[in-house]
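In what follows, a single structure is set out as structure tokens and then discussed.
The values are calculated or read from the model by the stated rules, or taken from the named source; none is laboratory data. What you are looking at is a predicted structure, and each value in this text was computed from that prediction instead of being measured. Every residue, glycine as well, gets a Cβ built from its backbone with ideal geometry; the counts of neighbours run over all protein chains shown. For accessibility, only protein heavy atoms count, side chains too; no ligands or nucleic acids. Shrake-Rupley method; radii C 1.70, N 1.55, O 1.52, S 1.80 Å.
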Amino acid sequence: MGKKYALILIVLLAACPAAARAADGKPVYKWVSANEYYFILPAPQDIYFPGNKDTEVAHPWGLGVRAVGNGERFSRTGALQLQSVKISGRNLPEANSFYILDLLLGLEYMTPKVQDKTLRFTASAVGDIGLSNTDFFLAPVLSAGFLYTTDQAAETPTGLTFSVFYRPTDIALSDVGSGTKATLRPALGVKLGYIFEGFWTTKEKN
């Protein structure tokens with residue numbers, strides 16, 4: 001199963017340069033450095049403990065920073081986020097929570113900017129390279145949401161963001177406290193953020 005998800009991640013990353021080409025086949029070198037800072041809200045998800053075959057409810061929440069694309073339909077995106085996963089109704093040997101560090105890499109679509117239209121639709125498909133204690137995992141993540149533009153004169157996408165994301169795979173964890181094994185089930189999540197205008201000079205097309 002790990003090879004399957006690694007293949008999905010490779011395909012997503014390979015698609016990024018292809019999607020960044022212009023209609024005439026020439027590469028588009030324009031890369032806008034807008035950054036999104038976001039919160040991951042504690043939407044509940046199931047966590048399964050195979051030792052005694054119990055299923056409890058986990059409440060992940062977290063913070064992240066994301067490199068936003070150029071705002072021209074398809075673009076590459078990447079994010080780094082830290083999640084704290086709190087477990088309800090169970091006393092672990094050391095604590096009732098653990099942490100997950102995620103590196104997200106993939107492709108985002110954003111509807112084109114239209115004059116006097118403040119709402120833009122977004123969607124993305126990314127690969128999640130995660131670390132929890134000593135456990136590495138790979139998982140695809142799909143998301144859809146909206147950007148509420150607060151500055152239409154800005155060169156980069158700027159404004160408030162809301163998105164719902166879905167991880168369709170299990171995450172096997174060998175240690176969530178004194179060697180306790182667990183499995184995070186597929187789950188939905190919610191993100192709220194704000195995209196700030198980029199600080200670097202934008203490259204032009206050749």
What number of residues within region 166-196 are more than 25 Å from Tyr148 (Cα to Cα) and either among the hydroxyl-bearing types (Ser, Thr, Tyr) or within 20 Å of the chain's Cα centre (by Cα) (or both)?
14
Leu105 fails exactly one of (1) out of contact with any Cys (no Cβ under 9 Å at 6 or more places or on another chain); (2) open to solvent by 40 Å² or more (accessible area, probe 1.4 Å); (3) of a type in the set (A, V, I, L, M, F, W, C); (4) assigned to a strand (DSSP E or B), namely (1)
If you go through region 126-155 one residue at a time, how many are open to solvent by 10 Å² or more (accessible area, probe 1.4 Å) and over 11 Å from the mean Cα position of the chain (by Cα)?
15
Residue within region 157-180 that is without any contact (Cβ under 8 Å) to a residue 24 or more places away in the chain, part of a strand (DSSP E or B) and open to solvent by 80 Å² or more (accessible area, probe 1.4 Å) present
no
May I ask you to list the residues in region 40-52 that are in a strand (DSSP E or B) and surrounded by fewer than 15 Cβ atoms within 10 Å (Cβ to Cβ)?
Leu41, Asp46
Do you know which residues across region 109-125 are of a type in the set (D, E, K, R) and open to solvent by 60 Å² or more (accessible area, probe 1.4 Å)?
Lys113, Asp116, Lys117
